[in-house]
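Computed from the coordinates by the stated procedures, all read-outs in this text should not be read as laboratory data. Bear in mind that the values here come from a model prediction, so they are computed numbers and not experimental data. Here the Cβ positions follow ideal geometry from the backbone for every residue, glycine too, while neighbour counts run over all protein chains shown.
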C-alpha cells in the first residue's frame with residue numbers, strides 16, 4: 001500500500017514512482033509501462049488519475065505511445 005503525501009496530487013506521486021522505476025532500470029528503454037488498468041489496480045487510483053500519469057510522462061518526453069500497443073519508455077535525450 002502506498003503512503004500518499006498529503007500535499008501532492010496522486011497522479012504526481014504515481015508519476016514519481018514510475019520515473020524512479022525507469023531510472024533504476026525496472027522499466028528499460030522501449031519496454032512497456034503499466035497500462036491504465038494496471039495502474040488503477042496497483043495504486044488504487046481512479047482511471048482518470050492513471051490516464052493523467054501516462055499523459056504527463058508523454059508530455060515530459062519520458063514515455064511515448066503506440067496506438068493499439070501501449071505506452072513505452074522513451075530513450076534518453078541525445079545530450080545525456
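Which semi-axis lengths, in whole Å and largest first, follow from the square roots of five times the eigenvalues of the Cα gyration tensor of the chain? Present the calculation step by step, with values, prior to reporting the outcome.
On the way: eigenvalues 85, 43, 25 Å².
They are 21, 15, 11 Å, listed largest first.
Of the residues 54, 38, 69, the one that moves most in a GNM of the chain with alpha-carbon contacts below 10 Å is 69. When only Cα pairs under 8 Å and 6 or more residues apart are kept, what is the percent relative contact order across the chain? Relative contact order comes out at 32 percent. The calculated 222 nm mean residue ellipticity attributable to helices in the chain amounts to -13500 deg cm²/dmol, summing -39500 (n - 2.57) over DSSP H runs of n ≥ 4 and dividing by all residues. With a Förster radius of 22 Å applied to the beta-carbon distance between residue 67 and residue 23, the computed FRET efficiency rounds to 0.25.
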